[in-house]
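The values are calculated or read from the model by the stated rules, or taken from the named source; none is laboratory data. What you see is a predicted model; the values in this text were computed from it and never measured. Methodologically, a virtual Cβ is constructed for each residue, glycine included, from the backbone with ideal geometry; neighbour enumeration extends over all protein chains shown. With ligands, DNA and RNA removed, areas are computed over all heavy atoms of the protein, side chains included. Shrake-Rupley method; radii C 1.70, N 1.55, O 1.52, S 1.80 Å.
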Amino acid sequence: MKHLTRYLWPIALCMSVGFSASLFQREAIAEWYPFLNKPVLTPPNGAFPIVWGILYILIGTSLGRIWGKGLKVSQREWWIQLALNFCWSIAFFFLREPLWGMGIILILDVVVLDYILITFKKDKLAAACFIPYILWLLWATYLNAYIYIFN
């Protein structure tokens, strides 16, 4: 049970952060986001909670793998990425500031890549859990940039 708890609390934390961010996004998703000029390849709105649910499970699993292994730099990067993830939602949706969102997501991209590179040396599976995350973030970076440029 102790082994399972090591994974459950980080996953629950990620889901809680994601849910909290969604509370700040609701109004903008209803009143602002639908009217933005977006690229043709923008995923449907229904895809976002599904993808983020899967990503939060992977992100939490990654922390569960490295927790208690003395990987302080990896753990620091993990906490920073989670905070930036939340801040991006606030900047982009709640404040409706794609430029601020762009700045945050670019920093987030770097932190997540750094996490992968640092963690890969000690725990390849923990690093691999972040591969879908960085791919989604790079796509989100493109979407954010497009929205900033064309709106």
Provide the per residue accessible area, probe 1.4 Å, for the stretch 1-146, rounded to a whole number of square angstrom. 53
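Within the chain, what whole-number % of the accessible surface is contributed by carbon and sulfur, with the 1.4 Å probe and all protein chains included in the calculation? Show your work: numbers first, answer last.
Working: 6050 of 8220 Å².
Heavy-atom surface of the chain belonging to carbon and sulfur, 1.4 Å probe: 74 percent.
When N counts the residues of the chain, how does its alpha-carbon radius of gyration compare numerically with 2.2 N^0.38 Å, as a ratio?
Values: Rg = 15.7 Å, N = 151, 2.2 N^0.38 = 14.8 Å.
Compactness ratio reported: 1.06.
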Between the modelled labels at Val110 and Ala12 (7 Å from Cα along Cα→Cβ) the distance in nm is 3.5
In debye to the nearest 20, how big a dipole does the chain give about its Cα centre with +1 on each Lys and Arg Cβ and -1 on each Asp and Glu Cβ? 680
Determine the relative contact order of the chain: mean sequence separation of Cα pairs under 8 Å and six or more apart, normalised by residue count, in whole percent. 32
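Give me the percent relative contact order of the stretch 19-107, please, defined on Cα pairs under 8 angstrom at least 6 residues apart.
Normalised by residue count, the contact order of the stretch 19-107 is 41 percent.
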Using Cα pairs closer than 8 Å and at least 6 residues apart in sequence, work out the relative contact order for the stretch 67-151, in percent. 30
